[in-house]
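A.B. asks: Please find one structure pasted underneath; my questions will follow.
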Amino acid sequence: MEALAKLKNCPMSARKMRLVVDNIRGKSVDDALNLLKFTNKEAAVWLEKLVLSAVSNWANKADESSPEDYKLFVKTAFVDGGPVLKRFRPAPHGRANRIRKRMNHVTIVVENKVKIEE
C-alpha cells in the first residue's frame, strides 16, 4: 500500500530542492528523516515535514497503529517547477532588471516493504 503527500507552491527554486530530494529517493523513512535532520539546507526543513505527512497519510490509509513495523520507504520523490513571481529592480542608466521568484511542487510517495495482513 502506498500513500502520497504533496507540497505545492514552495517558495524555493526547483533546482535547489532537487539537490536534497535526490538524497532521500529510495531510502527507508527512518534513514530519510535522519538524513534530512542533519542536512544544512532550507529544503531539508520542508522535506522533513513532507515525509512525516506522507507517513501519517499511510497510517491513516492503512488503519494501522504503528507504521514502524512495516518498513516504510520513499518509493518515488520528484520536484516540478511551479509558478514564477516576476518583479523588477532598478538598474543603472534608468533601466530595470527582472527578478524571478521561483516556486516548486514536491511529490513524495511512501510504500511499505512488509505486506499487510488483512
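The values are calculated or read from the model by the stated rules, or taken from the named source; none is laboratory data. If you're wondering where the values come from, they're calculated on a predicted model, not measured in any experiment. Note that we place each Cβ from the backbone using ideal geometry, even for glycine, and neighbour counts take in every protein chain shown.
A.B. asks: Taking the condition of being farther than 21 Å from Pro83 by Cβ and either among the aliphatic types (A, V, I, L, M) or without any contact (Cβ under 8 Å) to a residue 24 or more places away in the chain (or both), how many residues in region 1-18 meet it?
C.D. replies: 3
A.B. asks: Being more than 14 Å from Leu7 (Cα to Cα), under 16 Å from the mean Cα position of the chain (by Cα) and aliphatic (A, V, I, L, M) is the filter here, so list the residues in region 88-115 that pass it.
C.D. replies: Within region 88-115, Val110 is the sole residue that qualifies.
A.B. asks: Then there's this: Please verify whether Lys75 is touching an Asp or Glu at 6+ places or on another chain (Cβ under 6 Å) and at pLDDT 95 or above, treating the condition exactly as stated.
C.D. replies: Criteria met by Lys75.
A.B. asks: Return the residue satisfying two criteria in turn: it lies in region 106-117 and is part of a strand (DSSP E or B) and more than 15 Å from Glu48 (Cα to Cα), and of such residues it is modelled with the highest pLDDT.
C.D. replies: Once the filter is applied, the top-ranked residue is Glu111.
A.B. asks: Here's something else I'd like to know. Within region 1-29, how many residues turn out to be closer than 14 Å to Leu52 by Cα and assigned to a helix (DSSP H, G or I)?
C.D. replies: Count: 2.
A.B. asks: On to the next question. When you look at Leu50, is it touching a residue at least 24 places away in the same chain (Cβ under 8 Å) and either closer than 19 Å to Met1 by Cα or out of contact with any Lys or Arg (no Cβ under 7 Å at 6 or more places or on another chain) (or both), yes or no?
C.D. replies: Spelling it out, Leu50 is indeed touching a residue at least 24 places away in the same chain (Cβ under 8 Å) and either closer than 19 Å to Met1 by Cα or out of contact with any Lys or Arg (no Cβ under 7 Å at 6 or more places or on another chain) (or both).
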